1. Which residue pairs have Cβ atoms closer than 8 Å, lie 6 or more positions apart in sequence or on different chains, and pair a first residue in the range 175-188 that is under 9 Å from Pro10 (Cα atoms) with a second residue that is hydroxyl-bearing (Ser, Thr, Tyr)?
2. Considering only the range 127-148, state which residues are of a type outside the set (A, V, I, L, M, F, W, C) and either more than 25 Å from Lys109 (Cβ to Cβ) or in the same structural domain as Val106 (by TED's automatic domain parsing) (or both).
3. I'd like the full set of residues that are free of Cβ contacts under 8 Å to residues at least 12 places away in the same chain and surrounded by 12 or more Cβ atoms within 10 Å (Cβ to Cβ), limited to the range 190-207.
4. In the range 64-79, which residues are part of a loop (DSSP other than H, G, I, E, B) and among the acidic types (Asp, Glu)?
5. How do the pairs read when you match residues in the range 142-164 that are closer than 14 Å to Thr205 by Cα and among the charged types (D, E, K, R) with residues anywhere that are in a helix (DSSP H, G or I) and modelled with pLDDT under 95, using Cβ under 7 Å and keeping only pairs 6 or more apart or on different chains?
6. Is there a residue in the range 38-55 that is in contact with a Ser or Thr (Cβ under 9 Å, 6 or more places away or on another chain), within 30 Å of Glu172 (Cβ to Cβ), modelled with pLDDT of 95 or more and of a type in the set (A, V, I, L, M)?
7. Here are Ala99, Ala86: which of them is modelled with pLDDT under 95, among the hydrophobic types (A, V, I, L, M, F, W, C), on the phi < 0 side of the Ramachandran plot and assigned by TED's automatic domain parsing to the domain that holds Tyr37?
Amino acid sequence: MGKSIAIDGPAGAGKSTIAKMAAKELGYIYVDTGAMYRAMALYLLRKGVDRNDTTAIEKACEDADISISYENGQQVVLLMGENVNAFLRTEEVGNMASASSVNPRVREKLVALQQKLAAEKDVVMDGRDIGTVVLPDSKCKIYLTASSAVRAKRRYDELTAKGETCDIDKIEADIIERDHRDMTREHSPLKQAEDAVLIDSSDMTIEEVKDAILAEAKRKL
């Protein structure tokens, strides 16, 4: 069994940024669960499955083999052994991922693949249901959050830095709505695992959050 750090939390809390940094420092594999859903979507597209055909999606997803490894320090998503990094960011794949990721069979299949990865390697995984559903036995669970105002400000800064004009109040309203959706959905809702350590990053720098997680990892692992 590999060692694992499970990081959950709402959108915009900085989970993936922190998870990548922690994994790098520890020499663990950062498991990008979103990229795995995109690889599944690519697989379904290559099989010619219609994104509205639930039955076909459920049947096809059974045979997909998706894994993550590192080559020359880069995360590589493997679909049936092929490096598919170059194909994951297309609009078509994104649309299919959005449609297929809500399917309970697809989620079950990917959770099984994520658990297999964690059994074989030392991993850092982030998402909405890692500590509760994917890695319930992880010895190191973190629930990373920040106030909706802080998360909206971060998003606003990110977008304005790219030259986009945006409304901070609208961003915060979207974040609050997304939190509600994530926390009340039927399958694997977002919630803090009972044995997870709560880290509120509202008044912390990225470095401070990373150090807090690494200290926790040292203590637990």
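The values are calculated or read from the model by the stated rules, or taken from the named source; none is laboratory data. Predicted model only: the values in this text are computed from it and were never measured. For neighbour counting, all protein chains shown are included, and Cβ atoms are generated from backbone atoms with ideal geometry for every residue, glycine included.
1. Correct list of pairs: Ile175/Ser148; Asp179/Ser148.
2. Lys139, Tyr143, Thr145, Ser147, Ser148
3. Met204, the sole residue that qualifies.
4. Asp65
5. Listed pairs, sorted by first residue: Arg151/Ile175.
6. Scanning the range 38-55 turns up at least one residue that is in contact with a Ser or Thr (Cβ under 9 Å, 6 or more places away or on another chain), within 30 Å of Glu172 (Cβ to Cβ), modelled with pLDDT of 95 or more and of a type in the set (A, V, I, L, M).
7. Ala99 is the lone residue from the list that is modelled with pLDDT under 95, among the hydrophobic types (A, V, I, L, M, F, W, C), on the phi < 0 side of the Ramachandran plot and assigned by TED's automatic domain parsing to the domain that holds Tyr37.
Residues are listed down the side, and each one gets a yes or a no for (1) free of Cβ contacts under 8 Å to residues at least 24 places away in the same chain; (2) at positive phi; (3) out of contact with any Asp or Glu (no Cβ under 8 Å at 6 or more places or on another chain):
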| site | (1), (2), (3) |
| --- | --- |
| Ala13 | no, no, yes |
| Leu26 | no, no, no |
| Thr33 | no, no, no |
| Ala39 | no, no, yes |
| Asn52 | no, no, yes |
| Asp63 | yes, no, yes |
| Ile68 | no, no, no |
